[in-house]
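The values are calculated or read from the model by the stated rules, or taken from the named source; none is laboratory data. This is a predicted model, so every value here is computed, not measured. Virtual Cβ from ideal backbone geometry, glycine too; neighbours counted across all protein chains shown. Protein only, heavy atoms only, side chains kept; ligands, DNA and RNA dropped before computing areas. Shrake-Rupley method; radii C 1.70, N 1.55, O 1.52, S 1.80 Å.
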2 protein chains.
Amino acid sequence: MAVRYELIKECKRTKARLGRLHTPHGVIDTPVFMPVGTQATVKAMTPEELKEMNAEIILSNTYHLFLRPGAELIREAGGLHRFMNWDRPILTDSGGFQVFSLGPLRKISEDGVTFKSHLDGSTHFMSPERATEVQTALGSDIIMAFDECTPYPSTREYTVAALERTTRWAARCKEAHIRDDQALFGIVQGGMYKDLRERSARELLEIGFPGFGIGGLSVGEPKPLMYEMLDYTIPCLPGDKPRYLMGVGSPDCLIEGVMRGVDMFDCVLPTRIARNGTVMTSSGRVVIKNAENARDFRPLDEECTCYTCRNYSRAYIRHLFKAEEILGLRLTTIHNLYFLLTLMTKVRRAITEDSLPELRNDFFAKYGYELEDF
Amino acid sequence: MAVRYELIKECKRTKARLGRLHTPHGVIDTPVFMPVGTQATVKAMTPEELKEMNAEIILSNTYHLFLRPGAELIREAGGLHRFMNWDRPILTDSGGFQVFSLGPLRKISEDGVTFKSHLDGSTHFMSPERATEVQTALGSDIIMAFDECTPYPSTREYTVAALERTTRWAARCKEAHIRDDQALFGIVQGGMYKDLRERSARELLEIGFPGFGIGGLSVGEPKPLMYEMLDYTIPCLPGDKPRYLMGVGSPDCLIEGVMRGVDMFDCVLPTRIARNGTVMTSSGRVVIKNAENARDFRPLDEECTCYTCRNYSRAYIRHLFKAEEILGLRLTTIHNLYFLLTLMTKVRRAITEDSLPELRNDFFAKYGYELEDF
């Protein structure tokens, strides 16, 4: 088995659980946040920097790698791990989300999706078989089924059709899945309909997968609705398999997701806002370019022990951003990833100590979630 | 004395010399190449990365720091070393070169130069006294006199006038120089006129400085002419003081400069071309974006032991450049700086072993200097 989920502990006061995900490239402590390396690099970071901040697994995007540099080239390089010099676990998505997001540039049939590259307009075809083949060539530890992500809002009719296709395509992905050292996860869809979430989970369970993505959330719906959908969906999933909430990465959503039983998360949020000069701190969001930071010689976050906070002032980082220096966004990226990864370490410790609700309340009070949001 | 030059050995076969420059922030082995950190950061690098590649001293630019974030802010931060988290020696230029390069945006008088900022068009004044004050606030270990760099080509008349002003301004800089923990270097001008180079050196020697910049070279003249000027200038300088050839940094010029008695160099070349995807290797220049590198899984330079060459292939770095990923230019910047710094280590060893001419010939033959140039 490519991936084995080991349940360590279930929280007595919430649905949170502590686990270990055993993969060919190492063991991951869950709940876990996965930094995103879309184009075979977590933007602006080296693998060593990611390891120093305790990143245990990263995500990379099949759609982007398929188009550039191409899966065959990465296979020739010895696989994605070797190509990008990352020897810890990698999860790749299926490209479904990106392909469906192309809007007028794609055409869907039962067979798959014909689409035009966002890079050069060239025409390509992606299907459950092709997405699985590409991920086979990449050699990631966890690969995802090719699904149809329902946008928000969607009619019940559309949501049912997408769900049914997702189920049929999941079966085809499983059929196309050949590498024993890779685990194929199915993806639960069903939009914002309770019974459709239950149906999607049930159908995927019948096919059988070693883990489950929860897709179609964090697509524009209000957060309470997302939490409600998690409350419906997770009880439908087996306790001995990991649950991965796709595309979610704000601190509040991580905590709320964990409390509802989510084991894995990924999101570009921490790295993307970092490159724009916005950082997460224990007392809320800081926009580094703001004039108030010009002569502020304190670190980004006085409670933080990341490389950036140990060595640089807000004034210096602001200068770097004003001067458009690359080191600026390196420092904020390091800080934001460290902030989320450290938050997850605290979350795991809180599950161990049965104090997750207190961690949540303390965090939210200091962070000021009533007042602001990412 | 802020800076003391210790002559370790003179080459028997060339004018090269091995030395140590003692500064308040550590000892520098010479001949040395100084990476350039224009805006209080060596572009795309952390201080730790620079240390890992054995950078002993960096250069920063007074003109840029004066405009942004301002010298007073850096003084408040505890000086440039602390502001940018670099605890090894720093040399700052005077801003003269940049101010004179502004062309129509500047007006020169005997008192100083009035100029408009390239950032926002605001009007500023720089003079020998002001340039020295700014560098005093920055707290660099070596500060440079405010000079007038003669462009190439220049008439004898203009060159004489610039030389004379440079001498008068050097005296004013010395007068304004107050910190014992900073060494003020004079700058030899004189364009491409042998007797004017000699005169400039003589006049600066009369004022008295602990080290000398050689300015107005590498400003567009043919390299043989630059070497000829070095042959004239260096014998006019005292043997117990360091000699710094300003703005020079191609591998061939470093070697040729050392053989003529130069101790210090700086240049944006390795970092600038790196960001455009051009790397220096032991067998010549490589343009990483070229199609021939698409499936080349060898390192940039098979003889190199830098972080980049130990961990990444040409194919991967090319992918990063094609995908406009920041890690790409980080990796090429690391490689190019390591390449030049390692070349200087080899040069120092060759002086020790009396084999500098052989190193030069071997390097040039492999690098292919007959065929190409940076």
Exercise. From the list A:Val32, A:Val3, A:Val36, which residue is touching a residue at least 24 places away in the same chain (Cβ under 8 Å), within 14 Å of another protein chain (Cβ to nearest Cβ) and β-branched (Val, Ile, Thr)?
Worked result: A:Val36
For this session: Please work out which one of (1) more than 25 Å from the chain's Cα centre (by Cα); (2) at pLDDT 95 or above is the condition A:Leu371 fails and give its number.
Result: (2)
Exercise. Residues in the stretch B:223-242: is at least one in contact with a Gly (Cβ under 6 Å, 6 or more places away or on another chain) and more than 24 Å from B:Phe364 (Cα to Cα)?
Worked result: yes
Problem set entry | Whichever residue in the stretch B:348-364 is without any contact (Cβ under 8 Å) to a residue 24 or more places away in the chain and open to solvent by less than 40 Å² (accessible area, probe 1.4 Å) and, among such residues, is nearest to the other protein chains (Cβ to nearest Cβ) | B:Ala350
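Restricting attention to the stretch A:279-306, which residues are under 30 Å from the mean Cα position of the chain (by Cα) and either among the acidic types (Asp, Glu) or buried (at least 19 other Cβ atoms within 10 Å of the Cβ) (or both)?
The answer is A:Val279, A:Met280, A:Thr281, A:Val286, A:Ile288, A:Pro299, A:Leu300, A:Asp301, A:Glu302, A:Glu303, A:Cys304, A:Cys306.
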Exercise. Here is a list of conditions, (1) touching a strand residue (DSSP E or B) at 6+ places or on another chain (Cβ under 6 Å); (2) outside any loop (DSSP other than H, G, I, E, B); (3) open to solvent by less than 60 Å² (accessible area, probe 1.4 Å), and A:Ser94 meets all of them except one; can you say which number that is?
Worked result: (2)
Seminar exercise, completed: Going through the stretch B:111-123 in order, the residues found to be more than 17 Å from A:Ala323 (Cβ to Cβ) and either in a strand (DSSP E or B) or in contact with a His (Cβ under 9 Å, 6 or more places away or on another chain) (or both) are B:Val113, B:Thr114, B:Phe115, B:Lys116, B:Thr123
For this session: Considering each of B:Glu148, B:Glu133, B:Glu110 in turn, give the residue that is in contact with a helix residue (DSSP H, G or I) (Cβ under 9 Å, 6 or more places away or on another chain), acidic (Asp, Glu) and closer than 21 Å to B:Arg68 by Cα.
Result: B:Glu133
Exercise. Out of the stretch B:72-103, which residues are more than 14 Å from every other protein chain (Cβ to nearest Cβ), within 12 Å of B:Gly37 (Cα to Cα) and not hydroxyl-bearing (Ser, Thr, Tyr)?
Worked result: B:Ile90, B:Leu91, B:Asp93
Problem set entry | Condition check for A:Gly103: open to solvent by less than 10 Å² (accessible area, probe 1.4 Å), modelled with pLDDT under 95 and either farther than 15 Å from A:Thr136 by Cα or among the charged types (D, E, K, R) (or both) | no
For this session: State all residues of the stretch B:267-278 that are within 28 Å of B:Glu358 (Cβ to Cβ) and either free of Cβ contacts under 8 Å to residues at least 40 places away in the same chain or surrounded by 24 or more Cβ atoms within 10 Å (Cβ to Cβ) (or both); if no residue qualifies, say none.
Result: B:Pro270
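Just the residues that are of a type in the set (S, T, N, Q), out of contact with any Asp or Glu (no Cβ under 9 Å at 6 or more places or on another chain) and surrounded by 19 or more Cβ atoms within 10 Å (Cβ to Cβ), please, taken from the stretch A:323-347. Steps first, answer last, please.
In the first step, residues of the stretch A:323-347 are kept if they are of a type in the set (S, T, N, Q); the result is A:332-333, A:336, A:342, A:345.
After this cut, where a residue has to be out of contact with any Asp or Glu (no Cβ under 9 Å at 6 or more places or on another chain) as well, the list is A:332, A:336, A:342.
Residues satisfying the conditions are A:Thr332, A:Asn336.
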For this session: Collect the residues in the stretch B:329-347 that are without any contact (Cβ under 8 Å) to a residue 60 or more places away in the chain and either touching a strand residue (DSSP E or B) at 6+ places or on another chain (Cβ under 7 Å) or facing another protein chain (nearest Cβ under 8 Å) (or both), keeping them in residue-number order.
Result: B:Thr332
Problem set entry | Conditions (1) of a type outside the set (A, V, I, L, M, F, W, C); (2) under 27 Å from A:Thr345 (Cα atoms); (3) more than 19 Å from the chain's Cα centre (by Cα); number of the one not met by A:Ser250 | (3)
For this session: Would you please name the residue that is surrounded by the most Cβ atoms within 10 Å (Cβ to Cβ), looking only at residues in the stretch A:245-259 that are assigned to a loop (DSSP other than H, G, I, E, B) and among the hydrophobic types (A, V, I, L, M, F, W, C)?
Result: A:Met246
Seminar exercise, completed: Considering the stretch B:303-325, residues that are more than 8 Å from chain A (Cβ to nearest Cβ) and in a loop (DSSP other than H, G, I, E, B), and then whichever is nearest to B:Val287 (Cα to Cα), we arrive at B:Glu324
Problem set entry | Residue check for B:Ser122: more than 14 Å from every other protein chain (Cβ to nearest Cβ), of a type in the set (Ser, Thr, Tyr) and under 21 Å from A:Ala315 (Cβ atoms) | yes
Exercise. Checking B:Arg295 against (1) more than 11 Å from every other protein chain (Cβ to nearest Cβ); (2) touching a Leu at 6+ places or on another chain (Cβ under 7 Å), which test does it fail?
Worked result: (1)
Seminar exercise, completed: Over the stretch A:39-71, the set of residues assigned to a helix (DSSP H, G or I) and either within 12 Å of chain B (Cβ to nearest Cβ) or open to solvent by less than 10 Å² (accessible area, probe 1.4 Å) (or both) is A:Pro47, A:Glu48, A:Glu49, A:Leu50, A:Glu52, A:Thr62, A:Tyr63, A:His64, A:Leu65, A:Leu67
